[in-house]
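> I'd like to ask some things about the structure below.
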2 protein chains.
Amino acid sequence: MLDLAILGLLFEQEMHGYEIRRRLRDELGLFANISFGSLYPALSRLERSGAVAVTESGGTSSAPLLSTGSLGGERAGLRARRSGATLGTKRSRKVYRITGQGRALFEQLLEGEEPAGADDARSFGLRLAFARHLAPSARLALLERRRAQLTRRLATDLVRASGDRLDVYTRSLVEHSTESTEHDIAWLDRLIDAERQKQAASRTDGARSADSTDPSDPHSGDAMTSSSPTGAS
Amino acid sequence: MLDLAILGLLFEQEMHGYEIRRRLRDELGLFANISFGSLYPALSRLERSGAVAVTESGGTSSAPLLSTGSLGGERAGLRARRSGATLGTKRSRKVYRITGQGRALFEQLLEGEEPAGADDARSFGLRLAFARHLAPSARLALLERRRAQLTRRLATDLVRASGDRLDVYTRSLVEHSTESTEHDIAWLDRLIDAERQKQAASRTDGARSADSTDPSDPHSGDAMTSSSPTGAS
DNA sequence: ATTTCGATGTATCAATCCGATACATCGAAA
DNA sequence: TTTCGATGTATCGGATTGATACATCGAAAT
C-alpha cells in the first residue's frame, strides 16, 4: 500500500524521506498526513528487500555513520544545487533511489488487483495517480474494476438502507453516502469514456503517441504492453 | 474509535459480537466490514475496563463460566468440549451489555473532539450516526467542527493542486476530490441549517419535544446539557 | 548578538486495525 | 447423507497511526 506510493514517487526521481512525505501530502491529496511511523519502516522494508537503495550524506555529530557515500563533495554540491527545493546540506539525510528490482515491484504492485477492503478509495486513488505508468488496457481495467466495486456497494447499500427505522442523522448520513458514491460513478464513467476514445483514436491513428498521456514520461505504457501477463512471481 | 461504535450499539440493546458486526455493516454503511481481529479485542478491552459486561449463553447450565482471561488452551478446550466433556452445549455465544460506566464512557467519547487525522470521515460519520444522543448544542458543534475541517482542507488543497505539472489522471483525481469535499460542505450546511431551525423552534416553542429527534430515545440530550465540560478522568 | 521558534530531518514506541486463518455449530439444499 | 453457506468466537502477523524524542538549520524577535 505505502510501498506503491513510495516506489511511484521514487520512480520519477530520487528523494529522501521527508520529501516523500511532503510530496505525498502536497501533490496527491491522498494520505493527508502519512505518519513517519509508517514511512520509515516502509523505507527500511523496501531497502531490505532490495527495491530501493540508499545513499547517506554526511553526519557531523555523534554516531559514526557509515561513510560509504559514493559522493564526495557535499559542500560544493549544496551550493551548486540551491535552485531546487530539494537541496540540502550536510545534515544527515538518506537519499533513496529506486532499483531495477524496485521498478519491477512497482509495476507488479500497480497492475495487481487492489484490495476490496477498508480503504479501497485510497488504494484506487493511489493507482490512478500513477495510471500513466500503466498500459492503456490495464488503465481501463482499473477504472472498470473500480466502477464495478462502487456499483456493487451501491446495490447492497440500497438494500440495507431501505430500513425505515433509522433516525434522522443516520438516514442523512446513508443518503449522502449514496449520493457521493453515485457522484463517484459518474466521474468514473467520464474517465472511462475518455479512455475508450483515446484507445479508439490510437487504433485508427496507427501507433502514434496516442496512448501517451504524459509526454514527459519515458515509459508511457510500452514496458507493460509487452510484458507477459503471468509475469513470474 | 471502534469502542465508540460498539458502545453506541450496545447503548440501545445488548448483543453478541457477530451481531455487532452485522449492525455496523448493515445499519451504518460505515465500516464496510469490521474485522473480527479488531472487534473481539475491542470487546475484550471494554470488558476489562468495565464498560461492558458479558453473559455467556449456550451452556445447558451456566456452570463453566471460565475465567474471562483464560488464555491457556482455547483450541484444546473447544476440542474437548466437542469430544464429549461438556455435552449438549448450545452454540457458545457471549452476549454483551453496556454498564453504567460504559454509558459514561460512551458520552465522553461522543462528545470528545474527533481526531483530525487519517480517517476523519469515519470518525465524524460515526459520531453523526449517534448524534441523537448528543445535546443540541453539542450536535451543532459537531457539524460546525466538521465543516471547518473540510473548509480548511479545501483551502490547503487548492493552494497545492494549483500546480500545473500534474498529469491528467492525478489532476482529475484532485479535482474530483475537491468537488466531493464541496459536496460534503453543502450537505453539512443543510444539516446545520436544519439544526439551527430546530433550536430556534424549540426556543420559541418553550420546551416541547422540539429537540428530540428520536422519541424512542429516553435521553434526547438532557444528560449532557448539564454535564460539566471537564468531566473527570 | 543571542535567544527563540518553526521548518526540516530521522527514528522508535505502544496501541490499534486489518486480512487471513482456524475451529465449531447449525439449517437447508443436494 | 453429505455438502454448503451462514452463524459464531478467537488468534496471529503485519501495516498504520499518533505521540514522542532528538538534532540541525534559517530567520525573526529581543
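The values are calculated or read from the model by the stated rules, or taken from the named source; none is laboratory data. A quick note: this is a predicted structure, and the numbers were derived from the prediction, not measured. Positions of Cβ are backbone-derived with ideal geometry, glycine not excepted, and every protein chain shown enters the neighbour counts. Accessible surface areas use protein heavy atoms only, side chains included; no ligands, DNA or RNA. Shrake-Rupley method; radii C 1.70, N 1.55, O 1.52, S 1.80 Å.
> Of all accessible surface on the stretch B:115-211 at a 1.4 Å probe, what whole percent is carbon and sulfur?
Details: 2540 of 4690 Å².
The value for the stretch B:115-211 is 54 percent carbon and sulfur by accessible area.
> Please give the average number of partner chain Cβ atoms lying within 10 Å of the Cβ of each residue in B:186-199, rounded to a whole number.
Rounded to a whole number, the mean comes out at 1.
> At a Förster distance of 41 Å, what's the computed FRET efficiency of residue A:180 paired with residue A:203, Cβ-Cβ distance as r, to 0.05? Before the final figure, lay out each step's value.
Values: r = 35 Å, r/R0 = 0.85.
The formula returns an efficiency of 0.70 here.
> Between residue A:92 and residue B:165, take the C-beta separation as r, use R0 = 30 Å, and let me know the FRET efficiency to the nearest 0.05.
Values: r = 29 Å, r/R0 = 0.98.
Computed FRET efficiency for residue A:92 and residue B:165 comes out at 0.55.
> So, one more: Considering only A:172, A:197, A:151, whose Cα is most displaced toward the positive end of the charge dipole of the stretch A:135-211, charges sitting on Cβ of Lys, Arg (+1) and Asp, Glu (-1)?
Farthest along the dipole direction, towards plus: A:197.
> With every protein chain kept in place and ligands, DNA and RNA left out, what is the accessible area per residue of the stretch B:121-200? Probe 1.4 Å, answer in Å².
Details: 3420 Å² over 80 residues.
Spelled out: the 1.4 Å probe surface of the stretch B:121-200, per residue, equals 43 Å².
> From other protein chains only, count the Cβ atoms within 10 Å of every residue's Cβ in B:170-181, then give the mean.
Counting Cβ atoms of other protein chains within 10 Å of each residue's Cβ and averaging gives 5.
> Counting C-alpha atoms alone, how compact is the stretch A:90-129: give Rg to one decimal and Dmax as a whole number, in angstrom.
14.3, 44
> Give me the inter-chain shielding for A:40-51: mean count of other chain Cβ atoms within 10 Å, whole number please. Provide the component values of the computation, followed by the final result.
Details: counts 0, 0, 0, 0, 0, 0, 0, 0, 0, 0, 0, 0.
Neighbouring Cβ atoms belonging to other protein chains average 0 per residue here.
> Next question. What's the percent breakdown of Cα-Cα distances in the stretch A:135-211 across 5 Å bins, shortest bin first?
Result returned by the calculation: 3, 14, 19, 16, 12, 10, 9, 6, 5, 3, 2, 1.
> Over the stretch B:115-211, what is the relative contact order in whole percent, taking alpha-carbon pairs under 8 Å and six or more residues apart?
Values: 35 pairs, mean separation 30.1, N = 97.
Relative contact order for the stretch B:115-211 comes out at 31 percent.
> Next question. Nearest 100 Å² is fine: how much accessible area is buried between A and B, summed over both sides, with a 1.4 Å probe? Walk me through the numbers on the way to the answer.
Details: alone 14140 and 14470 Å², together 25520 Å².
Buried: approximately 3100 Å² between B and A.
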